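The values are calculated or read from the model by the stated rules, or taken from the named source; none is laboratory data. Here the structure is a predicted model, which is why all the values come from computation and not from measurement. Here Cβ is always computed from backbone atoms with ideal geometry, including for glycine, and neighbour counts include all displayed protein chains.
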Amino acid sequence: MDLFSTFFNIPVLMQSLPQLMNGLLVTIGIGATSIIAGLIGGLFLAVLRLYAGPVVTALVRGYIDVFRSIPLLVLLIIVYYALPFVGVRLSPFFSAVTALTLVSAAYTAEIFRAGIEAIPKGQFEASAALGLSNRYIMTDVILPQAIRIVIPPLTNNCINVLKDTALASVVAMPDLLKQATQAQALAANPTPLIGAAVIYLILLLPMVRYVAHLEKRFSRGRS
Amino acid sequence: MKAPLIKISNLRKTYGQFTALHGIDLEIAQGEVLCVVGPSGSGKSTLIRCINHLEAFEDGSEITVDGIPVRPGPDLDQVRAEVGMVFQSFNLFPHMTVLRNVMLAPIRVRKMSEADAEKRARDLLEKVGISVQADKYPAPLSGGQQQRVAIARALAMEPRVLLFDEPTSALDPEMVGEVLDVMKKLAGTGVTMVVVTHEMGFARQVADRVLFMDGGAIIEAGTPTEIFDAPKEERTRNFLHAVLDH
């Protein structure tokens with residue numbers, strides 16, 4: 001058997017393609033849900049960390065440090081295999097989303113915090129001096145400027161979350177990788193794995209290029 | 001002298017070991033134009049930044065604006081709504097057009113309608129001579145233009161008091177005049193103004209009262225004539241000598 005028909009077997013690929021596409025949808029579903037929940041959670045944590053009292057700030061910092069340190073695979077396995085022992089039984093989908101969101105929120109919080117801290121003090125002072133409440137200072141003045149700064153690192157984080165969805169295959173989630181390994185076993189040929197790898201690349205390469213482009217643009221100076 | 005609008009008593013401010021303000025007592029009348037002069041580090045900016053509580057001050061200090069105590073809490077936004085501020089570095093919101101910069105606070109704080117806020121903003125921008133640039137973003141405007149927008153932004157709240165924190169110190173020399181002209185016009189409108197400045201000509205011409213500060217204390221206060229022509233204190237004389245005779 002030559003290399004080409006082993007790794008790039010077109011009939012096997014065509015046969016497994018519908019299965020891979022289903023997997024891709026699952027991967028995107030897990031990724032998008034976790035990214036959105038992580039963004040909301042991260043923004044919330046960042047604001048708490050910056051402006052809440054010392055106790056809450058310390059708790060938030062603890063959360064961020066713990067979830068940036070723990071390996072995602074370990075967390076996922078704890079959520080899926082250990083939590084049932086205390087009566088918390090999450091489906092593979094929600095186990096994956098929970099683990100990814102907990103970690104993504106920790107990273108996102110640090111990104112937002114850095115973005116907010118990068119806004120000059122004068123912006124806070126000028127809006128406070130006008131009598132704007134803390135809420136409007138954030139929503140009208142600080143966050144719109146901070147979000148521009150954090151788009152490149154946030155996009156980077158999205159890439160990481162999407163890549164990490166592949167770990168969901170260990171909790172029997174029929175994501176892209178899981179579908180590919182099953183198709184490989186069925187066809188006794190590794191082509192579906194190559195197919196999955198190519199699909200991951202098609203999904204993520206444009207985002208990687210986009211981040212590079214943004215970083216170049218931002219490094220040239222603002223606006 | 002009319003009833004004081006701003007009352008400051010025993011205002012103390014420290015930064016660690018350093019005392020920035022040594023128990024200042026000061027009353028500012030409704031409609032008064034007060035210029036605060038003095039060397040760098042004399043505490044004059046700190047003084048006016050305490051009036052709207054951009055700087056927290058020590059316990060035992062007291063400031064009231066129109067009878068409302070200045071302290072953290074729900075009253076503070078109310079005080080700030082009545083006290084406009086113009087900064088040395090303009091601090092316009094770079095992500096909003098000039099017009100939006102001026103409209104924001106009336107809409108959010110005064111709950112004014114979009115249409116009314118826009119009308120007011122355009123009128124004010126016309127008054128400070130920036131109407132043509134209303135729909136631009138602040139970045140391409142010159143420093144003088146940005147500072148005039150910042151004045152319009154503060155005026156849009158119709159404040160009782162305007163604080164100016166060295167409003168011309170960051171400007172190129174040829175732009176100082178256009179900002180001072182706007183401020184001179186304002187001084188005639190009855191709004192209370194507290195101006196920290198190095199522009200002695202402006203202080204002499206426009207101020208009702210001049211305050212000379214040094215080392216975190218008020219050294220001398222009086223009419224422009226008293227301060228500039230017949231300063232009583234040695235430190236005032238030295239300062240004026242240094243800034244005027246060269």
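Yes or no, residue by residue, for (1) closer than 23 Å to residue A:139 by Cβ; (2) among the hydrophobic types (A, V, I, L, M, F, W, C); (3) more than 18 Å from the chain's Cα centre (by Cα):
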site	(1), (2), (3)
A:43	yes, yes, no
A:46	yes, yes, no
A:57	yes, no, yes
A:60	yes, yes, yes
A:63	no, no, no
A:69	no, no, no
A:80	no, no, yes
A:90	no, yes, yes
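Taken over region B:6-17, the criterion of being over 15 Å from residue B:41 (Cα atoms) and either in contact with a helix residue (DSSP H, G or I) (Cβ under 9 Å, 6 or more places away or on another chain) or at pLDDT below 90 (or both) is satisfied by B:6, B:8, B:11. Total residues in region A:166-223 satisfying the condition of being out of contact with any Pro (no Cβ under 6 Å at 6 or more places or on another chain), in a loop (DSSP other than H, G, I, E, B) and either more than 14 Å from chain B (Cβ to nearest Cβ) or modelled with pLDDT of 90 or more (or both): the figure is 6.
Only helices (runs of 4 or more DSSP H) whose full extent lies in region B:162-246 are considered here, and the ones with at least 3 residues that are touching a residue at least 24 places away in the same chain (Cβ under 8 Å) and over 20 Å from the mean Cα position of the chain (by Cα) are B:234-244. Condition (residue is of a type in the set (Val, Ile, Thr), surrounded by fewer than 19 Cβ atoms within 10 Å (Cβ to Cβ), more than 10 Å from every other protein chain (Cβ to nearest Cβ) and assigned to a helix (DSSP H, G or I)) applied to region A:141-148: is it met by at least one residue? For region A:141-148, residues of a type in the set (Val, Ile, Thr), surrounded by fewer than 19 Cβ atoms within 10 Å (Cβ to Cβ), more than 10 Å from every other protein chain (Cβ to nearest Cβ) and assigned to a helix (DSSP H, G or I): absent. Looking across region A:114-140, the residues that are in a helix (DSSP H, G or I), within 7 Å of chain B (Cβ to nearest Cβ) and within 13 Å of residue B:54 (Cβ to Cβ) come down to A:122, A:123, A:125, A:126, A:128, A:129.
Of the residues screened, residue B:157 is one that is part of a loop (DSSP other than H, G, I, E, B), surrounded by 19 or more Cβ atoms within 10 Å (Cβ to Cβ), of a type in the set (A, V, I, L, M, F, W, C) and touching a residue at least 12 places away in the same chain (Cβ under 8 Å). Scan region B:99-113 for residues that are of a type outside the set (Lys, Arg), farther than 30 Å from residue B:46 by Cβ and within 14 Å of chain A (Cβ to nearest Cβ) and report the count. The qualifying residues number 3.
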